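The values are calculated or read from the model by the stated rules, or taken from the named source; none is laboratory data. Only a predicted model underlies this, so the values are computations on that prediction, with no experimental measurement involved. Cβ placement follows ideal geometry from the backbone for every residue including glycine, while neighbour counts extend to all protein chains displayed.
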């Protein structure tokens, strides 16, 4: 952690933004700006649960995967996916750096608090359009989120996609299955809010050349 603080000019961790089974995300202070520091829990990340998202992803085919080094690979994978989204102009936290089980990225929110999850936002047609457009741009950049839901999107003036460690290349053997799950989650969420949508239309739009 000392290396991360010095390497990325972090003054201190401000407060936890979110706490989950696999990681804790802190707002941190770096000079005069806020950044986000995501610390993956070494003891709770299950080897077999995350292995399937790494094996089969051609971008990581030459990396040796075992129980001792899978967490650093998992962190590197999220950083790589965030870079891919940034290059494809898909709204997501801007990747800053990583080291062992720590990922440093841009902070989404205001001085008073972090951006809310989509589940806590009064969604509308425009937000729905932003979500499926982001999914289409992601797919065009050869990425499938693989765990997309209202819990893994934030709203800060627009929709941002987060939690990208499990995202896979579209040539991954389970990419099609993961995409269908993402589509169903998104369709179900917006239907609950009275927005006209269905999985077939979303799939067609995402895959349209």
Residue match in the range 130-140 (condition: under 15 Å from the mean Cα position of the chain (by Cα) and under 20 Å from residue 75 (Cα atoms)): yes
Residue match in the range 158-174 (condition: closer than 29 Å to residue 16 by Cβ, at pLDDT 95 or above and surrounded by fewer than 16 Cβ atoms within 10 Å (Cβ to Cβ)): yes
When residues of the range 60-88 are limited to those that are over 19 Å from residue 100 (Cα atoms) and in contact (Cβ under 8 Å) with a residue 24 or more places away in the chain, the one surrounded by the most Cβ atoms within 10 Å (Cβ to Cβ): 85
Scope the range 95-120; condition in contact with a helix residue (DSSP H, G or I) (Cβ under 7 Å, 6 or more places away or on another chain) and part of a loop (DSSP other than H, G, I, E, B); matching residues: 100, 101
Any hit, the range 108-119, residues being surrounded by fewer than 17 Cβ atoms within 10 Å (Cβ to Cβ) and farther than 27 Å from residue 30 by Cβ: yes
Count of the range 160-201 residues which are out of contact with any strand residue (DSSP E or B) (no Cβ under 9 Å at 6 or more places or on another chain) and over 21 Å from residue 122 (Cα atoms): 9
Helices (runs of 4 or more DSSP H) wholly inside the range 1-92 that include at least 3 residues being touching a helix residue (DSSP H, G or I) at 6+ places or on another chain (Cβ under 8 Å), within 17 Å of residue 163 (Cα to Cα) and not assigned by TED's automatic domain parsing to the domain that holds residue 168: 47-54, 70-87
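Answer yes if at least one residue in the range 133-152 is in the same structural domain as residue 189 (by TED's automatic domain parsing) and under 14 Å from residue 38 (Cβ atoms), and no otherwise.
Yes, that holds for at least one residue.
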Filter result for the condition that a residue is at pLDDT 95 or above, over 22 Å from residue 155 (Cα atoms) and surrounded by 13 or more Cβ atoms within 10 Å (Cβ to Cβ), over 5, 34, 26, 98: 98
Residues of the range 49-59 satisfying the condition of being in contact (Cβ under 8 Å) with a residue 40 or more places away in the chain and over 15 Å from the mean Cα position of the chain (by Cα): 52, 56, 57, 58, 59
